[in-house]
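Q: The structure's right below; bear with me while I get my questions together.
The values are calculated or read from the model by the stated rules, or taken from the named source; none is laboratory data. All values derive from a computational prediction rather than experimental measurement. In this analysis, Cβ positions are derived from the backbone assuming ideal geometry, glycine residues included, and neighbour counts consider all displayed protein chains. These accessible areas exclude ligands, DNA and RNA; they are computed on the full protein's heavy atoms, side chains included. Shrake-Rupley method; radii C 1.70, N 1.55, O 1.52, S 1.80 Å.
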Amino acid sequence: MSLLEVRNLTTAFATERGEVTAIEDVSFSLEAGEILGIVGESGSGKSVTALTIMGLLPRPPARVVAGGVWFDGQELTALSDRRMERVRGSGISMVFQEPMTSLNPVLTIGEQIMETLRAHGSYGASEQRRRAVEMLDRVRIPSAAARLGDYPHQLSGGQRQRVMIAIALACQPRLLIADEPTTALDVTIQAQVLDLLMDLRDELGMAVIVITHNMGVIAETADRVMVMYAGRVVEQAPVEALFDRPLHPYTAGLLACVPSLEHETARLVAIPGSLPEPARRPPGCRFAPRCARRVEACVAGLPPLLPRAPGHEAACIRVGEA
Ligand SMILES: Nc1ncnc2c1ncn2[C@@H]1O[C@H](COP(=O)(O)OP(=O)(O)O)[C@@H](O)[C@H]1O
Ligand code: SF4
Ligand SMILES: [Mg+2]
């Protein structure tokens, strides 16, 4: 069994207009040391996927309607909050987009790292300090020992994101989920943070899920890619295959818009229209209203995600046509 197996995962939210599914039938697996990129426009279900895996969605309004998450063979969606907390402490960690709001402004970064260490192990004070310095070193914060007493506002945006990664690493996770880890950063700093994630994967053998709306970020970091649209997986492939031969028209559209990290502003110009709200999804293929290849049969039913080449799946009824 893989380190992480997500099978047919469906998560819904109770809303004023009834229950809506944010993600549907999401399946993927991840091996130790592998980097999976999850990509898709804002609202496609990337964060809900991550938060369901982490058990961090408040229930209610959220509810896992179907499917499950197996981490190291253990099913997570059925665990009690207390047992899930233990998994989060020592198995899976998450880094969020906004390091400014995730760090506590009134505590030094040293205190925040040591607090995490205390929560996950019984370290003495000097051992905590030694390990906090080691964590800051590991995320390449220069003169780490001298920076322990710094407050978050004394650091740059890139350094704050590194501190967030250090905190996530403090409990030695085997899986790190980074949700839009570089979106708030400028291009040069983005590249440095992505390099850091790849180095950490190499050094620690961690599996990493990088969530982004930016295909350039995927190209830089991922081994494998999962493309999401309107709550569903529309394509999954090794990174080279996806970039060389995208099978789903949505993936092709994403690639046409974002050739590299530097072209962030050119994002999505080539795909007309916008992502449907969960309560207003069209019948059949959800991408149909925006798809240049649409035919009548596309709206007859949801196109199944089918294998098209080794390790390459796509959910489009027109794949394989000339
Ligand atoms: N607490 C919530 N209540 C209702 N709907 C939600 C909630 N959180 C997320 N959603 C819906 O789930 C869908 C997926 O959201 P999300 O996973 O955050 O997208 P992404 O991370 O890809 O931008 C969106 O349509 C969003 O409106
Ligand atoms: S199933 Fe039809 S509408 Fe959907 S992506 Fe394929 S061609 Fe486009
Ligand atoms: Mg998100």
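Q: What residue among SER47, LEU176, LEU103 has its Cα farthest toward the positive end of the dipole of the chain, where the charges are +1 on Lys, Arg and -1 on Asp, Glu, each on the Cβ?
A: Positive-end residue among those listed: SER47.
Q: Once you have a ≥ b ≥ c as the square roots of the Cα gyration tensor eigenvalues for segment 127-191, tell me rounded if a/c is under 1.5, and otherwise prolate or oblate according to whether a/b is larger than b/c.
A: Note, shape of segment 127-191 comes out oblate.
Q: Is segment 23-98 best put as rounded, prolate or oblate by its Cα gyration tensor, with a ≥ b ≥ c the root eigenvalues, rounded for a/c under 1.5, and otherwise prolate when a/b is larger than b/c, oblate when not?
A: Note, shape of segment 23-98 comes out rounded.
Q: Could you please state, rounded to a whole Å, how far the C-alpha centre of segment 29-62 is from the C-alpha centre of segment 302-322?
A: If we compute the Cα centre of each part, the gap is 23 Å.
Q: OK, next. Nearest 20 debye, what's the magnitude of the dipole of segment 69-129 about its Cα centre given +1 on Lys and Arg Cβ and -1 on Asp and Glu Cβ?
A: Dipole about the Cα centre, nearest 20: 140 debye.
Q: Test of understanding: what is the full-extension gain from ARG140 to THR15, defined as 0.36 nm times their sequence separation minus their Cα-Cα distance?
A: 40.6 nm
Q: Find how much the distance from ARG7 to SER29 grows on full extension, using 0.36 nm per residue of separation minus their present alpha carbon separation; answer in nm with one decimal.
A: Values: separation 22, 0.36 × 22 = 7.92 nm, distance 0.83 nm.
Taking 0.36 nm per residue and subtracting the Cα distance, the gain is 7.1 nm.
Q: Which value at 222 nm does the chain reach when only helices count, each DSSP H run of 4 or more adding -39,500 (n - 2.57), with the total divided by all residues and rounded to the nearest 500 deg cm²/dmol?
A: Calculated mean residue ellipticity at 222 nm is -9500 deg cm²/dmol.
Q: Given the Cα-Cα distance of LEU204 and ALA119 and 0.36 nm per residue of separation, how much length would full extension add, in nm? All intermediate terms of the calculation are to be shown ahead of the outcome.
A: Working: separation 85, 0.36 × 85 = 30.60 nm, distance 2.12 nm.
Value of the extension gain: 28.5 nm.
Q: Separate question: About its Cα centre, what dipole magnitude does the chain give when the only charges are +1 on Lys and Arg Cβ and -1 on Asp and Glu Cβ, stated in debye to the nearest 20?
A: Roughly 600 debye for the chain.
Q: Now, a different point. Whole number in Å², please: accessible area per residue of segment 1-142, 1.4 Å probe, ligands, DNA and RNA not counted.
A: Here the residues of segment 1-142 average 47 Å² of exposed surface.
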